[in-house]
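Read-outs throughout are calculated quantities, based only on the coordinates presented, and are distinct from any laboratory measurement. Note that the structure is a prediction, hence the values are computed from the model and not measured. Don't worry about glycine lacking a Cβ; one is built from the backbone with ideal geometry, like all the others, and counts go over all protein chains shown.
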Amino acid sequence: MSKYIQDCIRNNLRCVIRDLTLPQKKAVSEVVRGLFTAGKPILSHLAQDETKTAKKQSEKYSYHLGRIDLTKKVSELAFRKAKQMIRKTTIIAYDLTDINKECAKKMEKLSTVWDGSRRKPATGFTLHGIGVNNILVELRVHDAQRKTLNQLRYEIVEEISGKLDGKGIWVLDRGNDDKSFFNDLRHFLKVDFIARLTERRQVIMTKTGEVLT
């Protein structure tokens, strides 16, 4: 791995792992370095020590990573970097997607999702992903038992827009085509946005009354 990548990893990890124990710091550092070299998020493929088996090292990583929560610190780092680059016209991409898990029965936060490839409902997860200048600032699994899509969408846009001082233009895919959500964006959250609409959507031009489909 090049020295530039090693220095980048080391510098960015400092603020994330500074409060961890030494074994935890070492485990996180090795896993991150392994992700860059192996390119696969599989613990047994991230082994760095040739004197130990991959199974033994993956057990160590699993033990230490299972006892820490870096979500808040990683999120703070992502927002800090995004805020340095955000401008009034910077694109904020909001992607609503799903993962089909039709054979799963007891996984947490399972719900009914729309399987676009088969054009029918299926069991799986709905994911809310927000990206700014190639930085993933938010990736949240939707919990349908606690909040509706519009409730969580409103919460996410309000939170992220506030952290970015209201800058940027939100770009929404067809999964976010919802009249109530658009109303929230325009009249309550007061953010600029561009939306890709579904084929059945009709748009009325307020100045002329023209209906566009």
Loop-resident trypsin sites (Lys or Arg not before Pro) in the range 28-111 with no more than 16 other Cβ atoms inside 10 Å, DSSP not H/G/I/E/B, are Lys52, Arg67, Arg87, Lys88, Lys101, Lys105, Lys106, Lys109
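Listing Thr37, Thr206, Thr126 from the residue with the fewest other Cβ atoms within 10 Å to the one with the most, what is the order?
Values: Thr37 12, Thr206 7, Thr126 21.
Listing Thr37, Thr206, Thr126 from fewest to most nearby Cβ atoms yields Thr206, Thr37, Thr126.
Near Ser29, within a Cβ-to-Cβ distance under 15 Å, what is the net charge of the other residues, with Lys and Arg +1 and Asp and Glu -1?
Details: positive: Arg10, Arg14, Arg18, Lys25, Lys26, Arg33, Lys60, Lys73; negative: Asp7, Asp19, Glu30, Asp49.
Neighbour charge sum, excluding Ser29 itself: +4.
What percent do you get for the relative contact order of the chain when only Cα pairs under 8 Å and 6+ apart count? Can you show the working numbers first?
Numbers: 281 pairs, mean separation 31.1, N = 213.
This gives 15 percent for the chain.
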Within 12 Å, Cβ to Cβ, of Ile204, how many net charges do the neighbouring residues add up to if Lys/Arg are +1 and Asp/Glu are -1? +2
Which whole-number percentage describes the relative contact order of the range 86-204, with Cα contacts under 8 Å and a sequence gap of 6 or more? 27
Crossing angle, helix 22-38 versus the chain [Cα axis fit, 0-90 degrees, rounded to tens]: 70
GluC sites (Glu not before Pro) lying in DSSP loop within the range 1-99, provided at most 10 other Cβ fall within 10 Å: Glu50
What order do you get for Val16, Val141 when you list them from fewest to most C-beta neighbours inside 10 Å? Val141, Val16
Centroid-to-centroid separation of the range 165-196 and the range 45-113 [C-alpha atoms, Å]: 26
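Order by neighbour count: His45, His187, His64, fewest other Cβ atoms within 10 Å first, most last. Before the final figure, lay out each step's value.
Working: His45 14, His187 8, His64 19.
In increasing order of surrounding Cβ atoms, one gets His187, His45, His64.
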